[in-house]
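Asks: Pasting in a structure now, in structure tokens, and then I'll have a few things to ask.
The values are calculated or read from the model by the stated rules, or taken from the named source; none is laboratory data. Please read all numbers here as calculations on a predicted model, not as lab measurements. Note: ideal-geometry Cβ built from the backbone for every residue, glycine included; neighbour counts use all protein chains shown.
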Amino acid sequence: MLKPHQQPDRSERYSALRPYSFDEHLDVLCVYDAEIISAVFRSEDFRTNPFAEHYKYIAGRTGLDFDAAIETLAHIPFSWDDEEHRRLRGEMNRVVSADSREHIAGMDAFIAGLVGDNFVAGGEIDLNEQVARPIFYELFGRWLHVDLKDFFSDSGISQVFDAALSLNKRKKVNKSLGELKCAFARRAAGLPTSPEIAVAMNAVGNDALIGSLVLSLWHVLEQTPGARLADVAFPSSLVETGVPFIERIANRDIEINGMKVAKDQKVRLVIDATSRQITGQEADLFFGKGRHLCVGKPMSLVLWRSLSRALNAVPLRYTLRRLELRDGDYAFNYPEHAWIGLHD
Ligand code: HEM
């Protein structure tokens, strides 16, 4: 079943709930207004979600081994708000900033080649498998000095952030994270960082990047069905996000932009409700704000622009075929497949 943030007609629902509304089922205060979301992101009076605590609790209750998930989450910068946050953020920043000019030029050339090879008349393209996923492999391969294709499979590791995942899926995610850590550990001598940081970067960047690229492409292409790719007007920023919401917890009773929040209340910042696809305006909240601003933002935007340029060089017409969102997904908007047809 599709969740509220995945419904194609969610725009009206968001309008009815704006600026914020309490969801009794989730016991969460949901925020749909761009200015309030921005204020909460920037506020020192809210803390991030301690993701690992949830796994520790489930492990304690069930006796199951969730060590790999707990270790990964302990290496995610937004699991923390203290010195550990600064340390992990600094380390990831160092990895993604190294040789950045070379990587930007390399990614641009890679994307031009990928599009040139795959976008041929009479063909059908899966925008996930044949476009966004190879881009992800190439980027993370460059950053981490490995060939990810050799050992990385799409096993949904980003779903480690999903608080509502079934126990069976959690076990699978935990196993995949453990295997990925071992694969990085075997290549530790060549890695520019620790295997734990490499796993954490993949978990935080995978579904966010692939989901956002595919959904944004799909949405832009939906505006002019049957047009030539060369004539499509690609906006300079992403228009849809794979990360529909981010949560925070209030450190004290507080009123922020007119919204009252009790101490320890969880607040869900529904970024998806601020997207250009929903509001018609650029809100610039897809990558968060303030101290946890996305470390992958500059490169994600570079990739989107490279992809737009490469597609604008294709003279073919396209037809949208089918978009399949991952089922049972409470944390991401992740299209497992998005097929388009190509013709003269
Ligand atoms: C279009 C793709 C992406 C989107 C929409 C996205 C979205 C976000 C958002 C909303 C946050 C804020 C989390 C919070 O405030 O709690 C965030 C943080 C973060 N993102 Fe991304 N992200 C994307 C790509 C990437 C990539 C490719 C990486 C590469 C490693 C990455 C690494 C990070 C890290 C490390 C943080 C945590 C920063 C901190 O806590 O200081 N992201 N991202």
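Asks: Could you grab the pairs with beta carbons closer than 6 Å, sequence gap of 6+ or different chains, first residue in region 188-216 and within 11 Å of the ligand (Cβ to nearest atom) and modelled with pLDDT under 95, second one of a type in the set (S, T, N, Q) and in a helix (DSSP H, G or I)?
Replies: none
Asks: List every residue pair whose Cβ atoms sit under 8 Å apart, with the two residues 6 or more apart in sequence or on different chains, where the first one lies in region 64-76 and is closer than 9 Å to residue 160 by Cβ and the second, anywhere, is of a type in the set (Ser, Thr, Tyr) and part of a loop (DSSP other than H, G, I, E, B).
Replies: none
Asks: May I ask you to verify whether residue 246 is under 20 Å from residue 293 (Cβ atoms), more than 11 Å from the ligand (Cβ to nearest atom) and touching a Ser or Thr at 6+ places or on another chain (Cβ under 9 Å)?
Replies: Against the criterion (under 20 Å from residue 293 (Cβ atoms), more than 11 Å from the ligand (Cβ to nearest atom) and touching a Ser or Thr at 6+ places or on another chain (Cβ under 9 Å)), residue 246 does not qualify.
Asks: For the condition crowded, with 18+ Cβ neighbours inside 10 Å and not in a helix (DSSP H, G or I), what is the one hit in 140, 152, 78?
Replies: So the residue among 140, 152, 78 that is crowded, with 18+ Cβ neighbours inside 10 Å and not in a helix (DSSP H, G or I) is 152.
Asks: Hey, can you tell me all the residues within region 100-119 that are of a type in the set (D, E, K, R) and free of Cβ contacts under 8 Å to residues at least 40 places away in the same chain?
Replies: Answer for region 100-119, where residues must be of a type in the set (D, E, K, R) and free of Cβ contacts under 8 Å to residues at least 40 places away in the same chain: 101, 102, 117.
Asks: Quick check, is residue 325 within 13 Å of the ligand (Cβ to nearest atom), under 18 Å from the mean Cα position of the chain (by Cα) and under 28 Å from residue 157 (Cα atoms)?
Replies: The answer is no for residue 325.
Asks: Applying the selection to region 179-195, what residues are farther than 20 Å from residue 66 by Cβ and assigned to a helix (DSSP H, G or I)?
Replies: Listed by number, the residues that qualify are 186, 188, 189, 190.
Asks: Out of everything in region 18-38 that is aliphatic (A, V, I, L, M) and surrounded by fewer than 19 Cβ atoms within 10 Å (Cβ to Cβ), what residue ends up being modelled with the highest pLDDT?
Replies: 28
Asks: Test residue 100 against the criterion of being under 20 Å from the mean Cα position of the chain (by Cα), within 14 Å of the ligand (Cβ to nearest atom), at negative phi and surrounded by 13 or more Cβ atoms within 10 Å (Cβ to Cβ), and give yes or no.
Replies: So residue 100 does not fit the description; no.
Asks: Need a quick list: strands (runs of 3 or more DSSP E) entirely within region 241-341 having at least 3 residues that are surrounded by 15 or more Cβ atoms within 10 Å (Cβ to Cβ) and either touching a residue at least 40 places away in the same chain (Cβ under 8 Å) or touching an Asp or Glu at 6+ places or on another chain (Cβ under 6 Å) (or both).
Replies: Passing ranges, in order: 246-250, 266-269, 317-325.
Asks: Name the one entry in 51, 78, 46 that is modelled with pLDDT under 95 and either within 15 Å of the ligand (Cβ to nearest atom) or of a type in the set (D, E, K, R) (or both).
Replies: Within the list 51, 78, 46, the selection yields 51.
Asks: So which residues in region 41-63 are outside any loop (DSSP other than H, G, I, E, B), in contact (Cβ under 8 Å) with a residue 12 or more places away in the chain and over 22 Å from the mean Cα position of the chain (by Cα)?
Replies: 56, 58, 62
Asks: Under 9 Å by Cβ, and 6 or more places apart or on different chains, what pairs join a residue from region 144-155 that is farther than 14 Å from residue 132 by Cβ with one that is of a type in the set (Gly, Ala, Ser) and surrounded by fewer than 12 Cβ atoms within 10 Å (Cβ to Cβ)?
Replies: Qualifying pairs under 9 Å: 144/190; 145/190; 146/190.
Asks: When you look at residue 318, is it more than 12 Å from the ligand (Cβ to nearest atom) and under 18 Å from the mean Cα position of the chain (by Cα), yes or no?
Replies: The answer is no for residue 318.
Asks: Right, another one. Listed residues 66, 78; which is under 28 Å from residue 197 (Cβ atoms), within 20 Å of the chain's Cα centre (by Cα) and aromatic (Phe, Trp, Tyr)?
Replies: 78
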